[in-house]
Amino acid sequence: MKSISRACLFGLALLVSPALLHAQATTGSISGTVTDESSAVVPGVTITVQNPETGLERTQVTDADGRYRVLNLAPGTYTLTAALQGFAPVVRQNLTVAISKDVLADVQMKVGGLTEQVTVSGETSGVSLGTTTVGGVVTTQQIAELPLNGRSFTQLATLQPGVIVSRATSRDFTGGFGSTQLAIGGARPEQTGYLMDGTNIADISDKAPSSLSGVLLGVDTVQEFSVQTHGYSAEFGRAAGGIMSAVTKSGTNR
């Protein structure tokens, strides 16, 4: 009896775990190293990351090696502030966080008073050095401005290398047409994972969700989405081909 109960609990854990892990797929992170003018690492620096549009703020202190990493940030543009007594505060603006991307933001601090401030503006690299995942992000601007034959944002997934539309899939009882199914990295369409705000939205046959019109509607509600073709982490279950993870738009303080 005990062995049966243990087996049931183990099976329940397997069912619950993927749902919990999938929620991590809709966020990104900001990381880096803080140094002084002589390139020596600076521990104990207070790092504050804020989203100006929503007011979301996270604070962290650099470790003994001067490193920091702020996790679970919703996609958006952030401002980073580094402060430590005896140094002039440093502000880095326009740090764009995307789904499953780690933004590298190193900071160099100069000796000075609190009345001084160093502001660094400019674009950050789109290359995520903290992960080996192969793929890319389709941004809000691309979703809004690129032409679509219909109102299905999944068509834009083919902007990433290795993503094709599967023409071999016939129309079935779920209502989808063959042109709505995506194959990633040479895998079958059924092996592609579809997430919306971290929740699995694939249909009952593990294919792309669609309506009777054969497309996945709702392009106006999607902020951005990522397409991961190879090397994605274990938090993404159920898919052997690739992962398409979308995040819906959220409001701002305005």
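Could you compute the FRET efficiency for Leu148 and Val120, with r as their C-beta to C-beta distance and R0 at 45 Å, rounded to 0.05?
0.75
Keeping all protein chains in the complex and leaving out DNA, RNA and ligands, what accessible area do you get for Lys249 with a 1.4 Å probe, in Å² to the nearest 10?
110
Which aspartates and glutamates, on any chain, are close to Lys207 with Cα under 12 Å apart, when same-chain ones fewer than 8 places away are left out?
Candidates past the 8-residue exclusion: Asp172, Glu190.
Apply 1/(1 + (r/R0)^6) to the Cβ-Cβ distance of Glu235 and Val165, taking R0 = 25 Å, and write down the FRET efficiency to the nearest 0.05.
FRET efficiency, Glu235 to Val165: 0.40.
Starting from the Cα of Leu104, step 7 Å along the direction of its Cβ; do the same at Gln141; then give the gap between the two resulting points in nm.
It works out to 2.2 nm between the two label points.
For Lys110, go through the aspartates and glutamates and keep the ones whose alpha-carbon is under 15 Å away, minus same-chain ones fewer than eight residues off.
Asp36, Glu37
Mind ranking Ser233, Ser38 by accessible surface for me, highest first, 1.4 Å probe?
Ser38, Ser233
Which aspartates and glutamates have a Cα less than 13 Å from the Cα of Lys249, not counting those fewer than 8 places away in the same chain?
Qualifying aspartates and glutamates at Cα under 13 Å: Glu53, Asp197, Asp220, Glu224.
For Asp36 and Asn94, calculate 0.36 nm times their separation in residues minus their Cα-Cα distance, and state this gained length in nm to one decimal.
18.7 nm
The values are calculated or read from the model by the stated rules, or taken from the named source; none is laboratory data. Keep in mind the model is a prediction, meaning the values are calculated, not measured. We place every Cβ from the backbone using ideal geometry, glycine too, and count neighbours over all the protein chains shown. Just the protein is used for accessible areas: all its heavy atoms, side chains included, with ligands, DNA and RNA removed. Shrake-Rupley method; radii C 1.70, N 1.55, O 1.52, S 1.80 Å.
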